[in-house]
1. Quick check, is Leu6 part of a helix (DSSP H, G or I), surrounded by 10 or more Cβ atoms within 10 Å (Cβ to Cβ), of a type in the set (A, V, I, L, M, F, W, C) and assigned by TED's automatic domain parsing to the domain that holds Leu101?
2. Tell me whether the range 32-44 contains one or more residues that are in contact (Cβ under 8 Å) with a residue 12 or more places away in the chain and either surrounded by 10 or more Cβ atoms within 10 Å (Cβ to Cβ) or out of contact with any helix residue (DSSP H, G or I) (no Cβ under 9 Å at 6 or more places or on another chain) (or both).
3. Can you report the number of residues in the range 73-109 which are without any contact (Cβ under 8 Å) to a residue 24 or more places away in the chain, of a type outside the set (Phe, Trp, Tyr) and more than 18 Å from Leu55 (Cβ to Cβ)?
4. In the range 86-100, which residue that is in a loop (DSSP other than H, G, I, E, B) and closer than 12 Å to Ser59 by Cβ is farthest from the chain's Cα centre (by Cα)?
5. Being polar (S, T, N, Q) and either surrounded by 17 or more Cβ atoms within 10 Å (Cβ to Cβ) or in contact with a Ser or Thr (Cβ under 8 Å, 6 or more places away or on another chain) (or both) is the filter here, so list the residues in the range 54-72 that pass it.
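The values are calculated or read from the model by the stated rules, or taken from the named source; none is laboratory data. In this text the structure is predicted, and so the values were computed from the model without any measurement. Note that we place each Cβ from the backbone using ideal geometry, even for glycine, and neighbour counts take in every protein chain shown.
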Amino acid sequence: IGIVVLMAVGLLGCIALAFGLELGGLQWKRYFAPKHEEVRREVFMETRSFNEAKLQQLSKLRLEYLREDDADFKAALASTIRHTFAEYDETRLPQELRTFLHEIKYGTP
């Protein structure tokens, strides 16, 4: 009977160890996952494809804004532009688009 008890205790110990390691892994991931995701986001925002897409998007929205006569639609476009480019680094834009974005965001050149 002693060996059976010893094996049962060993099995329970292995289960407890596995549970503890899994719980520790979850805590580890909970701490590091947001940091990893933030680095991934920053790297993506530095890519050429991201910045070219933003440039094309702003060019398209600018053209649409300049061609539009309806004041309500222009206001909606301006709101979309402000929201879309709220956190974008304006220094990456050509001067013409930078000036346009500044006028849309702040109302001044």
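1. Spelling it out, it is not the case that Leu6 is part of a helix (DSSP H, G or I), surrounded by 10 or more Cβ atoms within 10 Å (Cβ to Cβ), of a type in the set (A, V, I, L, M, F, W, C) and assigned by TED's automatic domain parsing to the domain that holds Leu101.
2. no
3. The total comes to 7.
4. Across the range 86-100, the extreme among qualifying residues is Pro94.
5. Gln57 - this is the single residue of the range 54-72 that is polar (S, T, N, Q) and either surrounded by 17 or more Cβ atoms within 10 Å (Cβ to Cβ) or in contact with a Ser or Thr (Cβ under 8 Å, 6 or more places away or on another chain) (or both).
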